[in-house]
1. Out of the residues in region B:7-42 meeting the condition of being among the small types (G, A, S) and touching a Pro at 6+ places or on another chain (Cβ under 7 Å), tell me which one is surrounded by the most Cβ atoms within 10 Å (Cβ to Cβ).
2. Is there a residue in region A:158-181 that is at pLDDT 90 or above, of a type in the set (S, T, Y), in contact with a helix residue (DSSP H, G or I) (Cβ under 6 Å, 6 or more places away or on another chain) and farther than 13 Å from B:T208 by Cα?
3. Would you mind telling me which numbered condition in (1) more than 29 Å from A:V55 (Cβ to Cβ); (2) assigned to a helix (DSSP H, G or I); (3) of a type outside the set (V, I, T) A:P244 fails?
4. When the residues of region B:207-221 are narrowed to those that are without any contact (Cβ under 8 Å) to a residue 24 or more places away in the chain and facing chain A (nearest Cβ under 7 Å), which ends up farthest from the chain's Cα centre (by Cα)?
5. Taking the conditions exactly as written (surrounded by fewer than 23 Cβ atoms within 10 Å (Cβ to Cβ) and on the phi < 0 side of the Ramachandran plot), does A:S183 satisfy them or not?
6. Looking at region B:129-183 only, could you name the residues that are in contact with a Leu (Cβ under 8 Å, 6 or more places away or on another chain) and charged (D, E, K, R)?
7. Could you check region A:108-184 for helices (runs of 4 or more DSSP H) lying wholly inside it with 3 or more residues that are within 30 Å of B:D42 (Cα to Cα) and hydrophobic (A, V, I, L, M, F, W, C)?
8. Of all residues in region A:25-59, count the ones that are free of Cβ contacts under 8 Å to residues at least 60 places away in the same chain and within 18 Å of the chain's Cα centre (by Cα).
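The values are calculated or read from the model by the stated rules, or taken from the named source; none is laboratory data. Source: prediction; values computed, not measured. FYI the Cβ positions are ideal-geometry reconstructions off the backbone, even for glycines, and counts take in every protein chain you see.
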Amino acid sequence: MEFHVNHPILFAMTGFLVAVVLAQSVYFLVKALRRSKEIGMDQTKIKKTIQTAAVFTIAPAVSIVISVIALSKSLGLPLPWLRLSVVGSLSYEAIAAENAVSAMGLSLGKISSLTAQQFVNITLVMTISILVGIWLVPVIGKKLLSGMSNLGAKDAKWADIFQNAMFIGMISAFLGYVFCDISRLWAPVEGYSATSGLIPVCTMAVSALVMVVLGLLMRKPRLKWLGDYALPISLVLGMAAAIPITAWLA
Amino acid sequence: MKKNLSYIDSVHRDGCIWNISVMLLLIAFPLTVAFLFGAAPDWGALLVGLIATAPMYWAVGVIETITFVPMLGAGGSYLSFVTGNISNLKLPCAINALEQNGVSASSEEGEIISTIAIATSSIVTTIIIIIGVVCIVPLTPILEAPVLEPAFAQMLPALFGGLGVAFVSKNWKIAVAPVVLMLVLFIFVPALNSSTVGIMVPVSVLFTIGVSRILYKRGVL
């Protein structure tokens, strides 16, 4: 069989793996839904949770499709499809692929078509390097989470604060990241305008402002439904605002 | 015996089975390609490629697991570590769902809500990627249009702007110290940027827990 990166067999194998992962998500969804009925949770709220999660996911998922397209130019379509449906991310896969081929004395951008051996090496490097989370969760997940529930049993208030502190910690790191290029204002970087570091800051400000406005609007009973879509709305409006902001500051 | 298994225990059991199965299938993928096309790996290059890639990603993987599992809950963790995109999609989705429902992540209701949000998000993501792959020819010029590029380049700021307001305003006493610390670090340490933000997440989480503990002990929270 002659190998090429878009061989039908690769599509078939990837399709199968993606189907398995999809089945896992459906399995856990059904399991959680059943349990929610058993313990008498409000099913209208559950429905809203599903709708919000689905709507919120659209924009980030489209950006993953863009990553698949970007990687497909050098790796063919099936491998990026697999890698970004199961664990991966654009930056990670690009680095792993580059490391794999440079170890063979080549450079990814300069290869016109990959051989089967290069493809196998790239896939092995990507797979072996990324697998940690998949097996480590089964190994330590239960212990970590029972530690959390012990904490809750000992001091429920502190357990709640602990949980919120973790969320806030993560969000703070990303808020900091939004400001990481602002130093271009006083320390110029070649190839970038001084104000380019303000683009993410202004985008974030727009998104935050939208959230505040939605928060005020949803106090009116007629507009209460807005609360369910506040995060996806602020995300999409923030992203849309980034287009004129970038044109202005870049 | 089987009937006595609690919901959470059965999530762990099923999660183990699913994750280990997916892992074996993932490893089988390159091996099957090698077998079908008669192309053994270039072992020397494989070793060099792995040495350049694996140690850093393994270290990050271990830290991410310890950091994210307590936030994602059991069902959410098994799913998220298979489907990926945790900090930019699955975790914000779960946090938003918990907030929307007013439930604590450590309760059984919280576990169920975050599993439902993450499972829904995983399903929608997988389906959108399938649509993208099937329609790649007509979609490529649209998605790669220069006019849209800044919108997707600024997805994270747009996401954390909204999420930040919603969450920080409700927990501002906890948030002041970590937000200030992260701003100072990211603005004045040049090495901190989009590729190192992942490393700063556990640092910031630990710092926030520490500060919260002090505030709690002093009765501020």
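1. Taking region B:7-42 as the starting set, the residues that turn out to be among the small types (G, A, S) are B:10, B:15, B:21, B:28, B:34, B:38-40.
Those still in the list that are touching a Pro at 6+ places or on another chain (Cβ under 7 Å) too: B:15, B:34.
Numbers: B:G15: 25, B:A34: 19.
If we take residues in region B:7-42 being among the small types (G, A, S) and touching a Pro at 6+ places or on another chain (Cβ under 7 Å), then B:G15 is surrounded by the most Cβ atoms within 10 Å (Cβ to Cβ).
2. Yes, there is a match, as at least one residue in region A:158-181 is at pLDDT 90 or above, of a type in the set (S, T, Y), in contact with a helix residue (DSSP H, G or I) (Cβ under 6 Å, 6 or more places away or on another chain) and farther than 13 Å from B:T208 by Cα.
3. Failed condition: (1).
4. Restricting attention to region B:207-221, the residues satisfying the condition of being without any contact (Cβ under 8 Å) to a residue 24 or more places away in the chain are B:209-210, B:213-214, B:216-219.
Restricting the remaining residues to those that are facing chain A (nearest Cβ under 7 Å) gives B:209, B:216.
Details: B:I209: 19, B:Y216: 28 Å.
Among residues in region B:207-221 that are without any contact (Cβ under 8 Å) to a residue 24 or more places away in the chain and facing chain A (nearest Cβ under 7 Å), the one farthest from the chain's Cα centre (by Cα) is B:Y216.
5. Numbers: surrounded by fewer than 23 Cβ atoms within 10 Å (Cβ to Cβ): yes; on the phi < 0 side of the Ramachandran plot: yes.
Yes.
6. The answer is B:K173, and nothing else.
7. Values: elements: A:116-130, A:132-154, A:156-178.
Helices (runs of 4 or more DSSP H) meeting the threshold: A:116-130, A:132-154.
8. Applying the first criterion (free of Cβ contacts under 8 Å to residues at least 60 places away in the same chain) to region A:25-59 yields A:25-47, A:49-50, A:53-54, A:57.
Still in the running and within 18 Å of the chain's Cα centre (by Cα): A:25, A:50, A:53-54, A:57.
Residues that pass the stated criteria total 5.
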